[in-house]
Each structure stands twice: as C-alpha cells, then as structure tokens.
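Visitor: My structure is below; once you've seen it, I'll send some questions.
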Amino acid sequence: MSMPSEFLVMRNISKTFPGVRALSGVTISLNKGEVLALVGENGAGKSTLMKILGGVYQAGEGDIFIDGQEAAIHTPLDSRKYGISMIFQEVNLVPTLSIAENMFLGKELAGGILGRLDRNTMRKKSAEVLARLDCGNLNTAALVKDITLAKQQMVEIAKSLMNQSRIIVMDEPTSSLTGAEAEALFSIINTLKEQGIAVIYISHKLEEIERISDRIIVLRDGKFIAELDNSKKNVEKNLIVKHMVGRDLTDFYPAGNAIIGEEILKVVNLGLKGKFNRVSFNLRQGEILGFSGLIGAGRTELAKTIFGEFKKDEGEIYLSGKPLKIENVRDAIKEGITLIPEDRKREGLVLCLSLADNICLPNAGEVSSAGVVSRGKKNALVRRFINELQIRPALPNRTAIDFSGGNQQKAVIAKWLVKNPKILVLDEPTRGVDVGAKSEIYALMRRLTEKGVGIIFISSEMPELIGICDRILVMNEGRINGEFKKGKMDQNAIMAAAAGI
Ligand SMILES: Nc1ncnc2c1ncn2[C@@H]1O[C@H](COP(=O)(O)OP(=O)(O)OP(=O)(O)O)[C@@H](O)[C@H]1O
Ligand SMILES: [Mg+2]
C-alpha cells in the first residue's frame with residue numbers, strides 16, 4: 001500500500017453502529033494550513049468521522065495516515081499525541097477554574113499537581129498563547145464561568161495550541177455565537193492557517209463555509225459524495241445544497257395559504273426585571289411573527305414569560321381578548337401555548353431515553369387509555385411524527401443521544417407539537433439543522449398556520465426570518481426597537497435596529 005503525501009489522510013473509513021451504517025468507505029485528505037469544510041445533512045456522518053480521528057470512536061475499517069506514516073489512534077490521548085484537537089459546540093472547560101488553570105489542566109508539568117504549579121508562570125504562559133490568537137485582552141485569572149461562550153471557545157482553541165496542535169477540528173463552533181463573535185473566530189482561523197495549522201470545519205451555515213474554507217467535502221448517508229474547490233471562495237451555495245440533499249431544493253421558503261385572522265395574543269407593557277421592559281405587541285391567527293435581535297436582547301426571556309416559565313414583573317397578556325392568568329408552564333400548555341426551547345440538550349430531551357419515550361414524555365394523556373399507556377397509540381403517534389418531521393434513522397427505540405444533532409432537534413419539535421397548540425413559540429428551531437430539514441420545518445410551520453396557529457419565531461438567522469415571517473419585531477436590550485412587515489424587510493435596517501440604532 002502506498003503512503004500518501006498529504007499531511008493527513010483518512011482512507012476507506014467505515015463505521016457501523018447497531019442498526020446504522022454511519023460511514024462507508026470514506027476517504028478524506030488534508031494539507032497543512034488548509035481549512036477543509038465537511039458538510040452534509042443531519043446524520044450524514046460528519047461528527048462520527050471526526051470522532052474517529054479524535055479517538056472517541058474506533059473505525060470499523062480503514063486507516064489514518066499523518067505525515068505519510070500510519071497513525072494508531074485508539075483513544076483521545078493517542079489523537080492528542082498526534083497533534084489533533086477537537087473543539088465541539090459544547091465547551092469542555094471546567095467552569096469553576098480560571099482560564100490559566102483550564103489551559104494547564106491535564107498537563108504533567110513540574111510539580112505534577114495543579115495546586116503546586118507556579119500561578120504566575122501559568123498565567124504568563126497562557127497569556128502568551130492567547131496573544132497568538134490576537135483575540136483581545138483576556139484576564140487569564142478570570143473564572144471560565146464568568147466569560148462568554150465565545151471567549152470560552154477561544155480558550156479551548158488556545159488550549160489546543162498549547163498542546164502543539166497541528167490539526168484543529170471544529171464541529172459547529174458558531175452555533176451559539178453572535179455575528180461579531182463568529183467574525184472573531186474566523187479571524188482566529190486565518191491566524192491558525194498562517195501558522196501552518198490545518199482546520200477541519202463542520203457547519204450547517206453555508207455562508208460561513210463559502211467564506212472560510214479552501215476545500216469542501218460533502219458527505220451523504222455515510223458516503224463521500226463530492227469534493228469542491230473553494231480556493232477562490234466562489235463555490236455556489238446551490239451546488240453545495242444539491243450535493244448535500246441529492247436534488248435541487250425548490251420552494252425553500254414555502255409561501256402557504258394561511259389567512260391571517262383574529263388577534264389571539266396581545267402583550268401590553270410586559271416587563272421582567274433586568275431582562276426586558278415595556279414590551280407590547282400582538283399576534284394573529286395564522287401569522288408567523290419573527291423576533292430578531294442579538295443574543296442577550298431578551299427574546300428567550302420574553303418567550304419564557306409568555307409560556308409561564310418566568311413570572312412577569314409588570315404588564316398584561318391577553319389571550320383572544322381575555323386576560324391570561326397562568327402560574328406555570330402547565331397552565332400555559334392548557335391554554336394552548338407551547339414553547340419549543342432553544343437548548344435541546346438541557347431542556348429539550350432526556351438523552352438516555354428512547355426517541356419514542358421522549359416524544360411521549362409530556363404527552364401521557366395522548367398515548368394512554370384509562371390511565372394505562374397503550375402500546376398501539378404510542379407507536380402510532382411516534383410513527384406519525386417520525387414521518388412528518390423525517391426523523392432519521394426512523395428507529396423509535398433508539399436512545400436519543402445516539403441521534404445526530406439535527407435529528408435530536410426534530411425530536412424536540414415533535415415532542416411539543418403533539419399538544420396541538422394555538423400559539424406556538426419556536427426559539428431557534430433550526431439551529432444545527434441541515435438545509436433539507438430546515439425547509440421541512442418551514443413547511444411544517446406553514447401547515448400549522450393554515451390550521452390557524454399563530455407562531456412566534458425567534459431566530460438569529462436573518463435569511464430565514466425574512467424568508468418565512470409575515471412580520472418581524474426587532475429587540476434590543478430588552479425593548480422592541482423596530483417592526484418590519486412583509487415586503488418591507490430590509491436586512492440592513494433590521495440589523496441596525498438590533499444594534500440599537
Ligand atoms: N453513538 C452512536 N450510537 C449509535 N448511532 C450513532 C452514534 N453516533 C452517531 N450515530 C449515528 O450515525 C449516523 C451519523 O451521525 P453523525 O452524528 O456523525 O451525523 P452528523 O453528520 O454529524 O449530523 P448532524 O449534522 O446532525 O450533527 C447517524 O445515523 C447517527 O444516528
Ligand atoms: Mg454532528
């Protein structure tokens with residue numbers, strides 16, 4: 001067998017999980033100082049391929065070569081020894097330790113035990129590494145829990161530089177970052193490139209892929225589908241999409257035939273201390289009302305207040321003209337209000353339960369007869385939602401944690417849709433969801449509005465807000481700072497309103 005000349009080659013990688021072939025004979029290569037984007041639908045096998053590189057999973061078949069030599073990667077430690085670092089969406093730092101302590105964690109230095117290390121040296125060294133990233137001033141004595149998620153990610157990248165990384169894998173790193181924070185990450189990626197470090201970048205945001213990658217590899221159903229040269233940063237997004245889903249996506253934002261009817265929700269001068277104040281708006285039957293704004297603008301808190309999760313400090317909420325009196329989430333659901341939360345890992349799913357159990361968890365009433373769970377009803381309900389949302393693989397008894405990120409998100413949506421809501425609040429429902437599934441979620445929203453459901457749609461992605469909403473409200477620092485109607489939605493004006501201008 002010939003030894004490859006590229007810096008990294010993963011050759012003929014296959015991986016099977018019980019019931020699923022996650023990867024079949026995938027080969028990828030990577031050069032020094034290159035940004036390789038891995039794209040594909042939810043469940044295509046991107047994370048699995050990277051977890052094999054990271055020593056988290058063992059490949060069933062295939063070989064890995066680094067610098068032309070066969071690399072034996074069986075554990076995360078092996079992977080780190082080869083200079084490979086993984087940055088996941090979830091940060092893996094210890095929140096109660098300082099930046100410097102986190103960066104030195106796991107290092108067998110002088111004294112061995114962290115407590116005996118010279119704190120000054122630690123701080124100085126970590127500051128030096130952070131400086132290599134050009135990411136502004138970070139006080140290395142600050143506790144990780146006190147800095148933003150974006151800064152935490154930078155600390156993770158810095159930590160990987162301390163480990164002499166030559167390859168950094170980033171799996172959906174920007175999904176919880178603001179636009180400005182993502183920009184900072186992109187400039188760090190450029191700095192890494194200049195230092196000869198190679199980056200493998202996974203994202204569902206095709207705008208990012210187009211901007212920062214040198215080469216794009218598309219996976220579908222665990223197979224290598226295409227490789228696109230993006231050295232000129234001009235790959236057509238449509239071409240990527242076509243390879244990803246295997247067909248052209250027409251009607252990405254379906255128009256729908258909903259009739260906007262009576263007012264079903266009216267919010268007057270609503271306030272929650274320290275989060276938002278004097279918020280007034282209304283929502284009509286069949287309407288999709290978007291909420292734009294920067295992270296921290298108060299949108300999620302507003303949604304949770306309407307849903308009864310937070311207790312309002314002032315103001316009134318009216319449901320079809322009547323004052324809404326709710327004490328908690330259960331009351332809200334009884335009144336026909338449903339919220340699909342943004343953080344699917346923490347609030348959305350019980351990861352150790354099966355898909356079917358997750359969907360049925362808040363829906364005991366729907367699947368029981370005379371207080372006893374009916375297997376038949378349960379199966380029928382679960383099947384219906386697996387089909388309606390195209391959850392893949394369509395295995396009701398599989399544990400939630402074993403589904404890919406986007407399919408977990410679809411399960412969260414399914415779980416809450418069973419309630420047949422009158423008002424549906426969706427908080428970032430398409431985060432981490434592939435283009436095909438996104439358009440399924442939009443179509444589903446349209447179908448619901450055709451039945452008269454009023455939808456509040458919180459999103460940080462401008463194209464989808466403009467594409468699907470009948471009206472957009474923009475929040476800035478806890479206030480509503482702009483309203484845009486269909487046909488008059490201007491991206492720049494919305495951004496300015498979100499920035500408080
Ligand atoms: N630990 C596991 N056990 C069983 N099946 C798994 C496991 N991890 C992943 N899979 C399955 O392997 C396939 C590939 O999943 P993977 O997480 O690699 O997809 P992905 O491309 O990263 O998707 P996403 O964009 O949704 O994150 C999926 O069918 C998934 O359900
Ligand atoms: Mg993934």
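Visitor: For a quick check: sort 402, 490 by the number of other beta carbons within 10 angstrom, fewest at the front.
Guide: If I rank by nearby Cβ atoms, fewest first, I get 490, 402.
Visitor: Just rank 204, 243, 74, fewest to most, by other beta-carbon atoms within 10 angstrom.
Guide: The most exposed by this proxy come first: 74, 243, 204.
Visitor: As an exercise, use a Förster radius of 25 Å and the Cβ-Cβ distance of residue 187 and residue 124 to find the FRET efficiency, rounded to the nearest 0.05.
Guide: Calculated value: 0.55.
Visitor: With the contact rule set at Cα under 8 Å and sequence spacing of 6 or more, what percent relative contact order holds for region 348-419?
Guide: 46 percent
Visitor: Here is a follow-up. Take the Cα gyration tensor of the chain, multiply each eigenvalue by 5, square-root it, and list the three semi-axes largest first, rounded to whole angstrom.
Guide: Value: 40, 28, 23 Å, ordered largest first.
Visitor: Can I ask one more? Is region 345-457 rounded, prolate or oblate when judged by the Cα gyration tensor, a ≥ b ≥ c being the square roots of its eigenvalues, rounded requiring a/c under 1.5 and prolate requiring a/b larger than b/c?
Guide: oblate
Visitor: Now a separate question. Give the distance, in whole Å, between the Cα centre of region 396-432 and the Cα centre of region 178-194.
Guide: 31 Å
Visitor: I would also like to ask the following. Could you give each residue of region 456-468 its phi-based ³J(HN,Hα) in whole Hz, using Karplus coefficients 6.51, -1.76, 1.60 with θ = phi - 60°, and x for Gly or Pro?
Guide: 9, 10, 8, 8, 9, 9, 4, x, 6, 4, 5, x, 10
Visitor: Still on this model: Sequence gap at least 6, Cα distance under 8 Å: using those rules, report the relative contact order of the chain to the nearest whole percent.
Guide: 16 percent
Visitor: Ok, one more. Compute the acute angle (0 to 90°) between the alpha-carbon long axis of helix 149-162 and the principal axis of greatest extent of the alpha-carbon atoms of the chain; round to the nearest 10°.
Guide: Result, in degrees: 10.
Visitor: For each pair in 334/415; 451/485; 266/304; 151/304; 334/485, compute the distance between the two Cα atoms and list the pairs where it is over 19 Å.
Guide: 451/485; 151/304; 334/485
Visitor: On to the next question. What is the set of long-range amide H partners of residue 425 at a cut-off below 5 Å, with H atoms built 1.01 Å from backbone N?
Guide: Under 5 Å from the amide H of residue 425: 338, 339, 340, 456.
Visitor: Could you derive backbone 3J(HN,Hα) for region 166-174 from the dihedral phi with the Karplus parameters 6.51, -1.76 and 1.60 (θ = phi - 60°), listing whole Hz in sequence and x where the residue is Gly or Pro?
Guide: Coupling constants for region 166-174: 10, 10, 10, 9, 10, 9, 6, x, 9 Hz.
Visitor: Any chance you could list the semi-axes, whole Å, largest first, of the equivalent ellipsoid that the Cα gyration tensor gives for region 8-245, using √(5λ)?
Guide: 31, 21, 15
Visitor: I'd like the orientation of helix 119-132 relative to the chain: the angle between its Cα long axis and the longest Cα principal axis, in ° from 0 to 90, rounded to 10.
Guide: Roughly 80 degrees, rounded to the nearest 10.
Visitor: Under a Cβ-only charge scheme (Lys and Arg +1, Asp and Glu -1), can you give me the dipole magnitude of region 348-419 about the Cα centre, in debye to the nearest 20?
Guide: That gives region 348-419 a dipole magnitude of about 160 debye.
Visitor: Using the 10 angstrom Cβ neighbour count as an exposure proxy, how do 266, 325, 410 rank, fewest first?
Guide: 325, 266, 410
Visitor: Considering all projection directions equally, how large on average is the shadow of the alpha-carbon convex hull of region 218-335, in square nanometres?
Guide: Reported value for the Cα convex hull: 11.9 nm².
Visitor: Relative to the longest principal axis of the C-alpha atoms of the chain, give the angle of the C-alpha long axis of helix 375-389, reported between 0 and 90° and rounded to the nearest 10°.
Guide: 70 degrees
Visitor: How big is the gap, in Å, between the Cα center of region 479-499 and the Cα center of region 260-287?
Guide: 17 Å
Visitor: Continuing with the same structure: Checking the table 275/488; 46/438; 46/81; 145/233; 15/159 against a 26 Å threshold on Cα-Cα, which pairs fail?
Guide: Distance filter (> 26 Å) returns 275/488; 145/233; 15/159.
Visitor: In region 369-468, which GluC sites (Glu not before Pro) fall in coil by DSSP and have 16 or fewer other Cβ atoms within 10 Å?
Guide: Loop-located and lightly packed - 461.
Bear in mind that the values in this text are calculations on the coordinates, not laboratory data. What you see is a predicted model; the values in this text were computed from it and never measured. Neighbour counts run over all protein chains shown; Cβ positions are idealised from the backbone, glycine included.
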